[in-house]
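The values are calculated or read from the model by the stated rules, or taken from the named source; none is laboratory data. Remember, it's a predicted structure, so these values are computed and weren't measured experimentally. Cβ: placed from backbone, ideal geometry, glycine included. Neighbour counts: every protein chain shown. Ligands, DNA and RNA are stripped out before the accessible areas are found, and what is left, the full protein with its side chains, is counted by its heavy atoms. Shrake-Rupley method; radii C 1.70, N 1.55, O 1.52, S 1.80 Å.
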Amino acid sequence: MAQLKPRVLRYDSLPSTNTEAASQALKGAAEGLCIVALEQTAGRGRLQRQWLSPAGAGLYLSIVLRPKIEIGVWPLITLMAAVVVRDALLAAYAVETDIKWPNDILVGDQKLCGILAETIDTDRGRAVIVGIGINLNAVALPLARGNSATSVEAVTGSAPDPEELLHALFHLLEKHYGVLQSAAGPEEIVRAWCARSSYASGKRVRISSAAETLEGLTRGLESDGALRVETDGGEIKTFRTGDVTTVRPAGNVQT
Ligand code: BTN
């Protein structure tokens, strides 16, 4: 397995770094291509949401990967990315974060980073575009979401250097991507994710998927990263997509 070699293309403004990375992957870009933009005019989030990306307020990047792993464990790419971002924030800024399933990076209950992984079929085989949006300062915070989002600057009290974070991200991506593609990689990624997330087990959540919405206690991950939730009736349900919110003891829901 060749080592991942990031090659960075920088833009002042793009509609979406994910869209640009996908277009370059379709034209044959090698894995490791990383598109970074200072601003996105049509940034995209999970579940068809918009990702506000004002100029200079966040780190917006997308990396092309062409993993050599079983198709059944491709969902672990998104969990691996969350582990990478969580470790990079700690390494670059000493910021401690939590991971909400599958890949939101939180400080307390507030979102600091979102990850959007999109697969595409190209002439060189299936690729995945891993898009990462990290709020660096308050300008990045969507007003409509009230105080449910935060930024590195809000947490540390000083303006972060995005290059330090980019450097840490590449270093940790090389490490964890190598692990994912090794023989015991899938189990190791699940273990690494669970060790870093308070959502892995025993957390009371509400989860909404296209099929259903229910409340229960998280009970670990399946080998492909699916979330297990135990209902109040004692049944274990497994989710491969969905939106998780924390349920407070009083029954309030926190995004
Ligand atoms: C989410 O939490 O909903 C995922 C947000 C992902 C945002 C990033 S910013 C860089 C990349 N380009 C996009 O259009 N989206 C991702």
Under a crude label model (7 Å from the Cα following the beta-carbon direction), how far is residue 7 from residue 69 in nanometres?
2.4 nm
Lys, Arg +1 and Asp, Glu -1 on Cβ, resulting dipole of the chain about Cα centre, debye, nearest 20:
220 debye
Are there GluC sites (Glu not before Pro) in region 146-234 that DSSP puts in a loop and that have at most 10 other Cβ atoms within 10 Å, and which ones?
212
Can you give me the distance in nm between label points at residue 124 and residue 39, each placed 7 Å from the Cα along the Cα-to-Cβ direction?
3.1 nm
Residue 23 to residue 159: extension gain in nm, 0.36 nm per residue of separation minus the Cα-Cα distance?
45.7 nm
When the charge dipole of region 1-87 is computed with +1 at the Cβ of Lys and Arg and -1 at the Cβ of Asp and Glu, the Cα pointing farthest to the positive end, of 36, 84, 51, is that of 84
Using 0.36 nm per residue of separation minus the Cα-Cα distance, give me the extension gain between residue 174 and residue 204 in nm, one decimal.
7.4 nm
At 0.36 nm per residue, minus the direct Cα-Cα distance, what do residue 50 and residue 30 gain on full extension? Give it in nm, one decimal, please.
4.4 nm
Only Cα pairs within less than 10 Å get springs; with that Gaussian network setup on the chain, which residue of 184, 30, 210 has the largest fluctuation?
210
Here the net charge surrounding residue 38, from other residues whose Cβ is less than 15 Å away from its Cβ (Lys, Arg +1; Asp, Glu -1), is -4
By the Cα gyration tensor axes a ≥ b ≥ c (a/c under 1.5 gives rounded; else a/b larger than b/c gives prolate, otherwise oblate), the shape of region 103-255 is oblate
Pop a pseudo-label 7 angstrom from the Cα along the beta-carbon direction at both residue 90 and residue 191 and give the gap in nm to one decimal.
1.6 nm
Carbon-plus-sulfur fraction of the accessible area of the chain, 1.4 Å probe, in percent?
51 percent
Taking the Cβ of residue 235 as the center, what net charge do the other residues with Cβ under 11 Å away carry, scoring Lys and Arg +1 and Asp and Glu -1?
+1
Among 214, 166, 176, flag the residue with its Cα farthest along the positive direction of the charge dipole of region 158-222, charges on Cβ as +1 for Lys/Arg and -1 for Asp/Glu.
214
Cross-link candidates for residue 175: which lysines have Cα within less than 28 Å, leaving aside residues fewer than 8 places away along the same chain?
5, 27, 68, 100, 111
Calculate, for region 1-137, the solvent-accessible area per residue in square angstrom, rolling a 1.4 angstrom probe over the heavy atoms of the protein chains.
41 Å²
Can you tell me the mean projection area, over all orientations, of the convex hull of the chain's alpha carbons? Units nm², please.
13.3 nm²
